Amino acid sequence: RGVGTRNYVALLCVSPRSNAFARSLEVLVGLRRNAGAAADDSLDGVVALTHTEDGGGAGHNRQLLLRTLTGLLLHPNVGAALILQTADDEAASASSRGVSYASIRAHAAESGRAAELDALPHAVATVAPQRWTAELQRCLEEVKPLLRAARLAPRTACPPSALLAAPPRRGPAA
């Protein structure tokens, strides 16, 4: 997966359907974690990785979305991840119109990254937004072992030449 800090727990949304839920979970986990964080805590935080692509209606960018979500999930700074999806995401993915964890896993296998995904501590939660409070509590429990796993990620010294740095962006989007 490359050189990175492995000190973030990612809350990866497979579609926009779980964006608000992921942001709420991010805040809840952050509040709980900060209340009991040790001074030597090697975990930098929990981050909701949300996006506005797909949602099950358009398959024209599905392969790009799968590649992007797989790349985010396997980013070198991610030490563990909770993948968030809904039943609608699973149904859309089954008909090749959307994305689910199963399609991300299949894409990882097709692109030769299955071993990287297997090595990443992760869990999958299929959330029912209509049961918001109960689902937040359930997912909070799902995140706890992932926080521990990210804290325990081994740290090794690496030469600066092992780092890959993106060039600065230029132009109006910078």
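Where a number appears in this text, it was derived from the coordinates with a stated rule and is not lab data. Remember, it's a predicted structure, so these values are computed and weren't measured experimentally.
Would you grab the residues whose amide H sits under 5 Å from the one on VAL124? Only those 5+ places off in sequence or on another chain, please, with H modelled 1.01 Å from N.
ILE83
Under 5 Å between amide H atoms, partner at least 5 residues away or on a different chain: which partners does VAL99 have, H built in plane at 1.01 Å?
Here GLY55, GLY56, SER93 satisfy the definition.
Non-local amide H neighbours of CYS13 (under 5 Å, H modeled in plane, Pro and chain starts lacking H): which ones?
Amide H neighbours of CYS13: LEU49, LEU84.
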